[in-house]
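What follows is a single structure, written as structure tokens, with notes after it.
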Amino acid sequence: MQDKSPPSGIDDYHLIELVDVTKVFDTTVALSRMNLYVRRREFVTLLGPSGCGKSTTLRIIGGFEQPTDGKVLFEGEDITRLPPYKRRVNTVFQRYALFPHLNVFDNIAFGLTIAKVHRPEITRRVGAMLDLVGLRGMERRSVDALSGGQQQRVAIARALVNEPEVLLLDEPLGALDLRLRKDMQLELKKMQQRLGITFLYVTHDQEEALTMSDTIVVMREGRIQQIGTPKRIYDEPKNAFVAAFIGESNILDAVMIRDERVRFCEREFICVDRGFGQNKRVDVVLRPEDLTLVPAEQGMLSGVVMSVLFKGVHYEMMIDCGCGALKVHSTSMAPEGERVGLSVVPFNIHIMEKVGEACPA
Amino acid sequence: MKRSSFAAPYGLWMLVFTIVPIFIIVYYAFTINGAVTLDNFRMFLEPEFVGILTFSLWLAFLCTLLCLLFGYPCALFLAGRDMRRATLFVVLFVIPMWMNFLLRTYAWMTLLEDTGLINRFLEWIGIGRKRLMYTENAVLFGLVYNFLPFMIFPIYSVLVRSDRNLEEAAQDLGANAWLVFLRVTLPLSLPGVVSGVSMVFMPAVTTFVVPRLLGGGSFMMFGDLIENQFLTTGDWNFGSALSLIMMGLIFISLGILHRFNPDAESNGAVW
């Protein structure tokens with residue numbers, strides 16, 4: 001049921017599997033009948049707004065929460081009731097959770113000393129991790145004396161040094177500033193590819209998810225909305241929620257007249273989607289960058305420019321077409337108040353089922 | 001008006017009732033009838049007095065140890081996850097503290113005496129009467145009972161503010177419940193332990209009423225000795241010298257405890 005084929009380098013082997021996992025806190029349902037599998041060496045991101053159940057999913061896999069119902073499988077084995085310390089996964093916590101009474105070296109060595117690894121071996125492996133995260137020479141520092149970015153690196157090293165099968169990351173970059181976050185995204189991705197470890201990553205930042213993941217799982221209110229590669233999720237959002245959450249988009253009410261014919265803004269358009277039935281109410285997603293500015297008389301749609309913002313690479317214009325304001329990204333600019341035309345190619349008209357009218361995912 | 005001037009009334013209070021008395025004590029300790037001398041301190045070196053000091057230190061040490069052994073698990077329990085449970089138990093622990101400790105000690109006298117409730121119970125279950133009052137154990141028991149909350153609360157206040165994420169992180173890294181406690185919870189609670197130990201040990205060394213009530217005067221502690229000099233013997237000079245020795249001991253033990261405190265600022269423990 002999951003529409004994903006493994007990107008290159010990933011074993012088509014289900015390392016972790018959630019089967020009908022449901023989690024209820026008091027009266028609120030955090031997860032409802034969630035099914036998901038993660039392949040070996042895959043970078044999977046759980047993406048969604050806060051409260052969508054993504055962190056709960058991670059905590060269930062880490063062993064910190066017990067599902068109300070359902071099973072967690074690891075290499076096919078049921079680990080639902082296994083305590084965290086017996087699981088072959090490690091976690092990078094949201095606020096790092098470094099041990100304040102230990103220095104950098106002892107923080108990273110914590111898991112190895114618990115596992116009673118020999119001292120020379122510990123020194124060697126911690127050293128290798130310090131090199132990996134670029135903290136060589138800071139072994140004796142107190143973790144409180146480190147910057148946010150450095151603490152983040154210690155947290156990653158502390159988890160990775162145990163050579164886990166799966167690394168769970170709970171919004172690990174959330175506390176960093178934008179610049180540092182971008183750098184760390186690339187670094188994490190490189191690390192994951194070099195070490196060949198499976199990453200299960202939680203974030204609410206769609207750009208982060210698109211940049212790093214092999215597979216994105218979009219979640220909302222404890223339910224999976226869509227699973228797919230970043231490109232697939234961006235290009236073919238399954239519903240208006242996914243479309244709105246991933247990237248910027250214009251979402252319009254529309255009627256699917258028949259296959260390859262859709263009507264919105266009081267005009268009929270040719271599109272490429274089929275199989276929605278006839279005269280069915282649907283949502284149409286138009287990405288701002290897919291709308292092209294043309295002279296008013298040549299446009300499929302026409303409207304008046306309401307506002308213009310300069311965004312660096314492009315201009316962002318709001319254009320009132322009579323059926324609501326459309327957001328348009330374009331490298332050319334039309335002044336406020338001018339009447340312009342808009343055109344869009346059939347391939348870029350994305351048709352989606354109305355949320356709620358069909359069971360998503 | 002400067003903010004520091006708000007503390008002026010208290011400053012005055014300190015001056016009149018703490019600083020000035022200390023100077024008076026120092027004066028008395030180093031003089032006899034106005035003549036400067038060290039005789040007061042020399043007198044203390046008699047085996048009888050040194051013995052009393054040793055006994056006081058020993059009893060206070062035992063009391064602190066027992067308070068720690070009972071208090072730590074208790075604090076751990078109170079700081080547990082279940083908030084409703086914790087609030088109830090914290091209240092239960094606080095209620096006895098609202099009562100004057102003399103009253104509480106008197107209450108124990110009636111429980112422990114030869115015809116008291118406990119002995120009657122022992123008789124009833126067939127063990128027979130035991131001599132409970134006026135023993136060293138009764139004194140020790142009274143001390144532990146009175147000082148236990150002062151051990152529990154500093155530890156509790158540190159534990160309850162501790163970051164639960166750290167315990168999860170330790171579990172995540174392979175530590176079972178015991179190792180989590182040993183490697184994370186315990187070391188992080190040391191400021192509370194240090195604070196608790198000093199709040200029990202020092203008052204326990206100087207205590208004087210509990211040994212008299214529960215020990216029947218047969219076990220004199222250092223506090224009793226000092227009190228005797230002022231109120232019974234009327235030897236203010238010797239009493240002052242003993243007080244200074246006491247203060248010296250307190251500062252020394254404070255210094256020692258401070259070295260055990262991993263972070264000297266003691267991040268918000270009671271002192």
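The values are calculated or read from the model by the stated rules, or taken from the named source; none is laboratory data. Predicted model, so just to flag it, every value in this text is computed and none were measured. So basically every Cβ, Gly included, is an ideal-geometry build from the backbone, and we count neighbours across all protein chains shown.
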Note to self: Show me the strands (runs of 3 or more DSSP E) entirely contained within the stretch A:1-120 in which 2 or more residues are away from every other protein chain (no Cβ under 14 Å) and under 28 Å from A:LEU173 (Cβ atoms).
What the structure shows: A:14-25, A:28-39, A:43-47, A:69-74
Check: Which condition number in (1) within 17 Å of B:GLY80 (Cα to Cα); (2) more than 8 Å from every other protein chain (Cβ to nearest Cβ); (3) not aromatic (Phe, Trp, Tyr) is the one that B:LEU188 fails?
Finding: (2)
Margin query: Just checking, does the stretch A:222-239 include any residue being of a type in the set (Lys, Arg), assigned to a strand (DSSP E or B) and more than 12 Å from the chain's Cα centre (by Cα)?
Written below: yes
Check: In the stretch A:219-244, what count of residues is obtained for those that are under 27 Å from A:LEU301 (Cα atoms) and in contact with a helix residue (DSSP H, G or I) (Cβ under 6 Å, 6 or more places away or on another chain)?
Finding: 1
Notebook entry, point to check: Could you give every pair whose Cβ atoms fall below 9 Å, whose first residue belongs to the stretch A:98-112 and is among the polar types (S, T, N, Q), and whose second residue is part of a helix (DSSP H, G or I), counting only separations of at least 6 or pairs across chains?
Noted result: A:ASN103/A:VAL143; A:ASN107/A:VAL143; A:ASN107/A:VAL154; A:ASN107/A:ALA155; A:ASN107/A:ALA157; A:ASN107/A:ARG158
Item checked: Selected residue (criterion: nearest to B:THR207 (Cα to Cα)) from residues of the stretch B:140-184 that are away from chain A (no Cβ under 11 Å) and of a type in the set (Val, Ile, Thr) -> B:VAL144
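Here are B:LEU12, B:LEU45: which of them is without any contact (Cβ under 8 Å) to a residue 40 or more places away in the chain, farther than 29 Å from B:LEU140 by Cβ and of a type in the set (A, V, I, L, M, F, W, C)?
Unique residue meeting the criteria: B:LEU12.
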Checklist line | A:ARG281 vs. criteria out of contact with any strand residue (DSSP E or B) (no Cβ under 9 Å at 6 or more places or on another chain) and surrounded by fewer than 20 Cβ atoms within 10 Å (Cβ to Cβ) | finding: no
Checklist line | Residues of the stretch B:31-42 classified as in contact with a Ser or Thr (Cβ under 8 Å, 6 or more places away or on another chain) and touching a residue at least 40 places away in the same chain (Cβ under 8 Å), total | finding: 2
Next item on the list: Please identify the pairs in which a residue from the stretch B:79-104 that is surrounded by fewer than 15 Cβ atoms within 10 Å (Cβ to Cβ) has its Cβ atom under 6 Å from the Cβ atom of a residue that is at pLDDT 80 or above, counting only partners at least 6 apart or on another chain.
Entry: B:MET97/B:PRO149
Item checked: Given (1) touching an Asp or Glu at 6+ places or on another chain (Cβ under 7 Å); (2) at positive phi, index of the condition B:GLY34 fails -> (1)
Check: Here are A:ARG39, A:ARG33: which of them is closer than 15 Å to A:TYR201 by Cβ and either in the same structural domain as A:LEU188 (by TED's automatic domain parsing) or within 19 Å of the chain's Cα centre (by Cα) (or both)?
Finding: A:ARG39
Note to self: For the stretch A:246-260, give me the residue count where each residue is closer than 15 Å to A:PRO346 by Cα and either within 32 Å of the chain's Cα centre (by Cα) or buried (at least 18 other Cβ atoms within 10 Å of the Cβ) (or both).
What the structure shows: 4
Item checked: Residue among A:ARG158, A:ARG140 that alone is within 13 Å of chain B (Cβ to nearest Cβ) and of a type outside the set (A, V, I, L, M, F, W, C) -> A:ARG158
Note to self: So B:PRO21 ticks every box in (1) surrounded by 11 or more Cβ atoms within 10 Å (Cβ to Cβ); (2) modelled with pLDDT under 90 but one. Which box is left unticked?
What the structure shows: (2)
